[in-house]
């Protein structure tokens with residue numbers, strides 16, 4: 001009788017801990033970007049949350065070339081999970097940009113790594129303040145009038161931030177070819193070019209108050225142009241992002257709220273991922289969200305259960321949907 005009683009007690013504990021006496025473990029790879037950046041800390045956070053939820057589980061972060069490459073790797077089933085920015089996932093799922101004519105319709109959203117409204121990637125339209133004062137540039141319309149006198153920079157070819165910047169100009173009625181000079185460069189190089197006064201303006205998608213922005217702010221006078229809701233909404237819709245705002249008191253170089261385009265990032269998986277696995281990963285993340293957030297100060301500030309459940313261009317995986325519904329988030 002004592003043996004039967006012990007078995008019943010053990011079974012009761014198993015039910016309380018999740019319904020099985022043997023804990024499930026997961027060994028998965030998450031494709032990201034360069035080591036040491038925000039995406040690598042996202043990988044560390046997911047690993048920490050999953051290991052706590054399912055002891056013995058590990059998430060291995062695989063460095064790579066970013067969300068475009070990660071989307072293809074996931075679609076080809078070469079990795080189970082990948083991080084992609086909204087505009088990268090939009091291009092892959094819709095079959096635009098580098099995926100033109102070849103949409104990756106087998107991609108599914110597992111969860112959102114960070115929301116567009118967290119402003120981890122906000123499109124700044126900045127003009128050297130001295131140049132702006134000399135030419136009377138206070139608005140995008142003014143920039144259009146003086147485009148032939150302006151040397152401007154966008155992110156390098158192949159980086160979709162550059163595509164967003166160009167779209168902002170084109171949808172504002174400013175053909176890129178109308179500028180005096182167009183430079184394609186990485187964000188840090190754009191900051192240096194502005195500080196050295198070798199260019200007059202940048203359209204730069206970067207985290208709010210990023211060191212590159214602070215360096216420019218502290219080195220030269222700046223004028224920030226408002227993109228406007230109509231153009232921001234169109235560009236955001238085209239690239240899977242959202243219209244967002246920087247408040248008047250958030251930078252010393254603006255005195256009124258500025259509207260532009262923001263994009264977030266999601267973790268994507270193949271539609272063939274088992275529902276139970278997708279459910280468990282999302283549930284483990286939600287239950288241990290503080291562990292995920294502890295990986296980076298920006299995640300700690302901006303991440304909530306609601307932001308994790310925010311949808312993206314690719315449909316949410318059915319297993320993720322189940323976990324979000326159980327948590328009351330859908």
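Please treat every number below as a calculation from the coordinates, not as lab data. Remember, predicted model here, so these are calculated numbers, not experimental data. Positions of Cβ are backbone-derived with ideal geometry, glycine not excepted, and every protein chain shown enters the neighbour counts.
Note on the chain: with a GNM built from Cα contacts shorter than 10 Å, the maximum mean-square fluctuation among 111, 99, 239 falls on 99.
Computed over the alpha carbons of the range 122-262, Rg followed by Dmax gives 13.3, 37 Å. Neighbour counts of other Cβ atoms within 10 Å put 26, 61, 114 in the fewest-to-most order 26, 61, 114. Structural descriptor for the range 219-330: relative contact order 22 percent, calculated from alpha carbon pairs under 8 angstrom and at least 6 residues apart.
The length gained by stretching the chain between residue 229 and residue 215 to full extension, at 0.36 nm per residue less their Cα-Cα distance, is 2.3 nm. Extension gain for the segment residue 134 to residue 180, taken as residue separation times 0.36 nm less the Cα-Cα distance, is 14.9 nm to one decimal. When the chain is treated as a GNM with alpha-carbon contacts under 10 Å, the residue of 102, 128, 70 showing the greatest mean-square fluctuation is 102. The label point for residue 102 and the one for residue 271, both projected 7 Å from the Cα toward the Cβ, are 1.9 nm apart. Taking the centroid of alpha carbons for each part, the range 140-185 and the range 292-330 are 34 Å apart.
Ranking of 60, 96 by neighbouring Cβ atoms within 10 Å, starting from the fewest: 60, 96.
Note down the relative contact order for the range 122-262 as a percent, whole number, built from C-alpha pairs under 8 angstrom at least six residues apart. That works out to 32 percent.
Rg and Dmax, both from the Cα atoms of the range 20-176 and both in Å, are 20.4, 74.
Take the Cα radius of gyration of the chain and divide it by 2.2 N^0.38 Å, N being the number of residues; the result is 1.14. Taking label points 7 Å from Cα along the Cα-to-Cβ direction, residue 25 and residue 259 give a separation of 5.3 nm. Each of 195, 286, 330 was scored by other Cβ atoms within 10 Å of its Cβ. Listed from fewest to most, they are 330, 195, 286. For the chain, averaging the sequence separation of C-alpha pairs within contact (under 8 Å, six or more residues apart) and dividing by the residue count gives a relative contact order of 24 percent.
Dividing the C-alpha radius of gyration of the range 86-196 by 2.2 N^0.38 Å, with N its residue count, gives 1.25. How high is the FRET efficiency from residue 76 to residue 249, r the C-beta distance, R0 56 Å, rounded to 0.05? Once rounded, the FRET efficiency stands at 0.75.
Where only DSSP H runs of four or more residues are counted, the chain gives -12000 deg cm²/dmol as its mean residue ellipticity at 222 nm, each run worth -39500 (n - 2.57). In degrees between 0 and 90, to the nearest 10, how far off the longest principal axis of the chain does helix 229-239 point, with axes built from Cα atoms? Taking Cα atoms only, the helix is inclined about 50 degrees. Comparing 179, 292, 120 in a Gaussian network model of the chain, where Cα atoms under 10 Å apart are tied by springs, the biggest mean-square fluctuation is seen for 179.
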